[in-house]
Amino acid sequence: MPQHEFITKQLIDKGWSEDRKYCVTDEQGNKFLLRVSPIEQYDRKKSEYELMGQVAALGVPMCRPLEFGTFDEGVYSIQTWIDGIDAEENIHNLTDQEQYSYGFEAGKILKEIHKIPAPKEIEDWEIYFNRKADHKIKMYEECSVKYENGQAFIDYINAHRYLLSGRPRTYQHGDYHIGNMMIGNDKRLYIIDFNRNDFGDPWEEFNRIVWCAQATPLFATGMVNGYFSNDVPIPFWELLALYISSNALSSVPWAIPFGQSQIQVMINQAKDVLSWYENMTKSIPTWYKGVIINK
């Protein structure tokens, strides 16, 4: 049973996670986040909780883990509550400068997250990701829904696999984009939902930047510049295009069980990606605005 005692419990019906999430309050009126998962996920959730503790120790602004255990509903974790607003839903209420600044901060935070090393015995990244890419290509080829010029993604992957050689692996948030960020009442940027954490090439973590670029190119530009301290290496762009191509291929098969609206979201996103990269003939996307002096 949780050591914390709560007097109210309100379901949070948002996000794609299988976890049940609640806003709970104690007798003093303090709010907390309660996440509940099936008991079968105990080992995975324990690892997730412990790694979140390492991230929090780096000073990353987030829901800090406070308590972990099991009770009659399954596995639970209790985390600090963030009072604020969803970054994605409110980014357009901000000035261009603020959008860029929050993106720059997101990049700096991600650089901190990637300081956590992967286990020493982990599989070589090139071997691992080539297998992952092969699987995604197969999923796409067997899928009933196809993109217009989706072959461009496959061709780009196959022509650039050599870039995977020698890439490092670190801890990854696993779903790092503006939809998993909040702007606190204190105006700070906070990172939420670490439940897809993994270990991989730190540059692969940018594969979801397409969501940021669709929301606001300035935020996406800031995120890249913040991560690299305004000195972005060309190999990053070439690898990112490979990782985004791989993600695009599996997005439609993933969306099919969720219905036509989600399928259309992924088709539209693939269309945007092919436009940004001129059918995968360019490695730097058109949404990237270059280095902007942050006044």
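The values are calculated or read from the model by the stated rules, or taken from the named source; none is laboratory data. Everything quoted here is computed from the prediction, not taken from an experiment. When we count neighbours, we look across all protein chains shown, and the Cβ atoms used for this are built from the backbone with ideal geometry, even at glycine. Protein only, heavy atoms only, side chains kept; ligands, DNA and RNA dropped before computing areas. Shrake-Rupley method; radii C 1.70, N 1.55, O 1.52, S 1.80 Å.
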Gyration tensor verdict on the stretch 132-180 (Cα atoms; rounded if a/c is under 1.5, prolate if a/b is larger than b/c, oblate otherwise): oblate
Counting alpha carbon pairs within less than 8 Å and at least 6 residues apart, what relative contact order, in whole percent, applies to the chain? 19 percent
Once you order the gyration tensor axes a ≥ b ≥ c over the Cα atoms, which shape class does the stretch 148-295 get: rounded for a/c under 1.5, otherwise prolate or oblate by comparing a/b with b/c? rounded
Once the Cα atoms of helix 96-113 and of the chain are each reduced to a long axis, what angle between those two axes, in degrees from 0 to 90 to the nearest 10, is obtained? 80 degrees
Would you work out if the stretch 66-144 is rounded, prolate or oblate? Take a ≥ b ≥ c from the square roots of the eigenvalues of the alpha-carbon gyration tensor; rounded if a/c is under 1.5, else prolate when a/b is larger than b/c, oblate otherwise. oblate
Could you check the simple spin-label distance between Glu112 and Val265, using points 7 Å along Cα→Cβ, in nm with one decimal? 2.9 nm
Simple spin-label model, 7 Å along Cα-to-Cβ: Arg161 to Phe71 in nm? 5.0 nm
So with the 1.4 Å probe, I'd like the accessible area per residue for the chain, rounded to whole Å². 48 Å²
Relative contact order for the stretch 1-114, counting Cα pairs under 8 Å that sit 6 or more residues apart, in percent: 22 percent
Can you tell me the orientation of helix 42-57 relative to the chain, as the angle in degrees between its alpha-carbon axis and the longest Cα principal axis, to the nearest 10? 90 degrees
Relative to the longest principal Cα axis of the chain, at what angle does helix 217-227 sit, 0 to 90 degrees, rounded to 10? 80 degrees
How much of the accessible area of the chain, in percent, comes from carbon and sulfur atoms when a 1.4 Å probe is used? 50 percent
Calculate the FRET efficiency for Ser47 and Glu121 from the Cβ-Cβ distance with a Förster distance of 22 Å, rounded to the nearest 0.05. 0.90
Which labelled figure in [x] 1.11; [y] 0.97; [z] 0.94 is Rg/Rh (Cα atoms, Kirkwood Rh), once derived from the coordinates: [y]
